[in-house]
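Data first, discussion second: the structure below is written as structure tokens.
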Protein chains: 2
Amino acid sequence: MMTAQVRTIEFRDGQLWIVDQTLLPSTYHQICIDSVETLWEAIRSLRVRGAPAIGVAAAFGAWLSVRQAEGEDGHDLWPYLLAAHDQLRTSRPTAVNLFWALERVEKRLQSSRELSATDFRARALDLALEMLREDERVCEQIGEIGATLLRDGMTILTHCNAGALATVRFGTALAPIYVASARGLRFNVIADETRPLLQGSRLTAWELTRAGIPTTIICDGAAAAVMRTRRVDLVIVGADRVAANGDVANKIGTYGLALAARAHGIPMYVAAPVSTIDMATGHGNDIVIEERSPDEIRVPFGLHVGAPEAEVYNPAFDVTPASLITALITEHGLVQPLNEQTLRQHVLEPSSV
Amino acid sequence: MMTAQVRTIEFRDGQLWIVDQTLLPSTYHQICIDSVETLWEAIRSLRVRGAPAIGVAAAFGAWLSVRQAEGEDGHDLWPYLLAAHDQLRTSRPTAVNLFWALERVEKRLQSSRELSATDFRARALDLALEMLREDERVCEQIGEIGATLLRDGMTILTHCNAGALATVRFGTALAPIYVASARGLRFNVIADETRPLLQGSRLTAWELTRAGIPTTIICDGAAAAVMRTRRVDLVIVGADRVAANGDVANKIGTYGLALAARAHGIPMYVAAPVSTIDMATGHGNDIVIEERSPDEIRVPFGLHVGAPEAEVYNPAFDVTPASLITALITEHGLVQPLNEQTLRQHVLEPSSV
């Protein structure tokens, strides 16, 4: 893989470090996450963002909560862990990986409560580190599978950031591009800037150009025109939650992009780890959509541009019906066509790749 | 009509005044346009913008060019006028109203060249003032015709600004809303913020809320999701140029909006004066699309957000095929369906309204 690729979440010298993505692309700065409060704030403020990265970061919450807590054994520490998880669940509502990670940590540590406090703390850290390494493997696997869809010279359009910065490394939507690029294939990537928080122009364009992949930033509103007047071979995006029927919640703007891709006969791929699939949510319409502050639209970057008397509606995500998605790419393979039946089969009996 | 409505272009005390729209919504400030250079800069920098307003402002170019020029008669002043027009034609390439206005002024003043210099100057000013008043009448008429499409309680989505600020008064796309509101109908307007220059959040939301019409700003990427999950009864936008086949060039993002409206069975209207119709351009693909500075996307409002190594593609307009447009609303009536034949008939033999 590319050497220039960023490590979004890193554990070194006994500390958890994340790249503060709110400062990119002008400043590359790692911050130390040394408490549950710092972690909550970092997720809430999108210092760490992207569904898989949120999941991995949250997995360190248990360790952070018990690290300095007083107690004899795991039973004594358990309430600290539960309180931390309750707090972290309030940070962002849409990415299912957050809830998945916290639940997984609870289930796995439950049986370790008999351990001494010291061993329980070590177990909590080991588990988080295991989930960190697993995310790397999963993303690399998504990259391998997705790369089979790519041909040399393709122009690929993406929205928001589902790259290395949205995971521990490699990314989801961008992983196939990194894998195929490392094998010598060349691509042009078109990155929607992705209002309101501009993850496309700030993050996707930054990490792709850093890895030597030519990238062109466009306004979100230009995507349909680009499909009509220029060449776009495929669209690939990430996901914050996939419902049981295959509907995909992803960054606001994805649904309009899917409609435009369909109108132009352009394949629309979604790349996401299996942990993003939420079989407990039957339909895309049941997914809770986070609404963020009006000021992200009215006062972008501290400048008052939006008329103050107007209302603002700022949903962070939208839902794209499964019928508009050519295939879902997970670490287990392609789900194509994407529907309730194929998705259930994929989750229950992962095909070998 | 609403008393609170802004006058975008005004002639008073012997001077031409325009609202500097780059300062809105934080500052309402009129600037005096006292030379061809100031006028060119004001159009180029979008201090005055919107196809009809650009046309009217440009109509004052002849007067500005000859006002202080030396000469005995119109013949002596004529070269100043032509040079001014040549310069103004370079200000913005897509809005046909600019070229239409300059050509009309030339045609109408050609026969006045025998006049004394003083009378020729007066004639140039009279003509510009006539075109200013005509724009008001035309927009009011578009408002009357468009209002017949509106019902009390409707939610109307619009893109960019085709309001009072895009014309002398009343607007094109917003004129029907003003007319019907003055008759007591109530609407909710959803305004796409319209990246990169945010004419929706800065201008449309400002002028509508100023006139007491409830307005909600959304990101451009949210429009399709809003159509899917909330109520949108119709979409109405302006136009910068309508080709002979009915294809419409309008602010970037309009085409994606039209695709989304079609997917949801929502009527998509375009409101524009007949002067926006360019029968000399056969097909939408023949319309010259202005590409603006990459910094509008990379460095919005002076803040470096876009990755510096990335390319930027910044087309100011896109083309929406006539087949996606429910009807064109002009001062002469509705063109529905919109195609080469109906458009030709409409331009040649305007139906009485």
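Just one of (1) part of a helix (DSSP H, G or I); (2) open to solvent by less than 40 Å² (accessible area, probe 1.4 Å); (3) at pLDDT below 95 fails for residue B:347. It is (2).
Please verify whether residue B:285 is more than 10 Å from chain A (Cβ to nearest Cβ), outside any strand (DSSP E or B) and at pLDDT 95 or above, treating the condition exactly as stated. Taking the combined requirement at face value, the residue does not satisfy it.
When residue A:6 is tested against (1) open to solvent by less than 10 Å² (accessible area, probe 1.4 Å); (2) assigned to a helix (DSSP H, G or I); (3) in contact (Cβ under 8 Å) with a residue 60 or more places away in the chain, only condition (2) is not met.
For every residue, the table says whether it meets (1) assigned to a helix (DSSP H, G or I); (2) within 14 Å of chain A (Cβ to nearest Cβ); (3) in contact (Cβ under 8 Å) with a residue 40 or more places away in the chain.
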| position | (1), (2), (3) |
| --- | --- |
| B:22 | no, yes, no |
| B:27 | no, yes, no |
| B:56 | yes, no, yes |
| B:80 | yes, no, no |
| B:86 | yes, no, no |
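In region A:315-331, the residues that are more than 18 Å from residue B:263 (Cβ to Cβ) and of a type in the set (Phe, Trp, Tyr) reach residues that are at pLDDT 95 or above and in a strand (DSSP E or B) with C-beta atoms within less than 7 angstrom, at least six apart or across chains, in these pairs: A:317/A:249; A:317/A:250; A:317/A:251. Test residue B:65 against the criterion of being part of a loop (DSSP other than H, G, I, E, B) and small (Gly, Ala, Ser), and give yes or no. Answer is no for this residue. Scanning region B:36-50 for residues that are part of a helix (DSSP H, G or I) and open to solvent by less than 30 Å² (accessible area, probe 1.4 Å) turns up B:36, B:39, B:42, B:43. Annotation: of all residues in region A:45-74 being modelled with pLDDT of 95 or more and basic (Lys, Arg), the one that is nearest to residue A:293 (Cα to Cα) is A:47. Looking only at region A:94-144, residues that are within 30 Å of residue A:286 (Cβ to Cβ) and not in a helix (DSSP H, G or I) come to 2 in all. Taking residue A:305 as the residue in question, decide whether it is without any contact (Cβ under 8 Å) to a residue 24 or more places away in the chain and either open to solvent by 60 Å² or more (accessible area, probe 1.4 Å) or at the interface with chain B (Cβ under 9 Å from one of its Cβ atoms) (or both). Against the criterion (without any contact (Cβ under 8 Å) to a residue 24 or more places away in the chain and either open to solvent by 60 Å² or more (accessible area, probe 1.4 Å) or at the interface with chain B (Cβ under 9 Å from one of its Cβ atoms) (or both)), residue A:305 qualifies. Quick one: would you say residue B:294 is more than 16 Å from the chain's Cα centre (by Cα), within 24 Å of residue B:90 (Cβ to Cβ), within 11 Å of chain A (Cβ to nearest Cβ) and open to solvent by 20 Å² or more (accessible area, probe 1.4 Å)? Spelling it out, residue B:294 is indeed more than 16 Å from the chain's Cα centre (by Cα), within 24 Å of residue B:90 (Cβ to Cβ), within 11 Å of chain A (Cβ to nearest Cβ) and open to solvent by 20 Å² or more (accessible area, probe 1.4 Å).
Within region B:9-35, restricting attention to residues that are among the β-branched types (Val, Ile, Thr) and open to solvent by less than 10 Å² (accessible area, probe 1.4 Å), the residue that is farthest from residue B:104 (Cα to Cα) is B:19.
For region A:163-278, the helices (runs of 4 or more DSSP H) that sit wholly inside it and include 2 or more residues that are within 14 Å of chain B (Cβ to nearest Cβ), in contact (Cβ under 8 Å) with a residue 12 or more places away in the chain and not acidic (Asp, Glu) are A:205-210, A:223-229, A:254-263. Taken residue by residue, region A:61-82 has at least one member that is charged (D, E, K, R) and closer than 19 Å to residue A:15 by Cα.
Checked against the criterion of being in a helix (DSSP H, G or I) and within 30 Å of residue A:305 (Cα to Cα), region B:145-153 has at least one qualifying residue. Within region B:119-139, if we keep just the residues that are of a type in the set (Lys, Arg) and closer than 23 Å to residue B:164 by Cα, the residue that is most open to solvent (accessible area, probe 1.4 Å) turns out to be B:137.
All of B:80, B:28 fail the test of being closer than 30 Å to residue B:177 by Cα and not aliphatic (A, V, I, L, M), apart from B:28. Residue under question is residue A:316, and the condition is that it be more than 7 Å from chain B (Cβ to nearest Cβ), within 17 Å of residue A:162 (Cβ to Cβ) and open to solvent by less than 30 Å² (accessible area, probe 1.4 Å); does it hold? In short, yes.
The values are calculated or read from the model by the stated rules, or taken from the named source; none is laboratory data. Everything numeric in this text was worked out from a predicted model, so none of it was measured. All Cβ positions, glycine included, derive from the backbone under ideal geometry; neighbour counts span all protein chains shown. Surface accessibility is based on the protein's heavy atoms, side chains included, excluding ligands, DNA and RNA. Shrake-Rupley method; radii C 1.70, N 1.55, O 1.52, S 1.80 Å.
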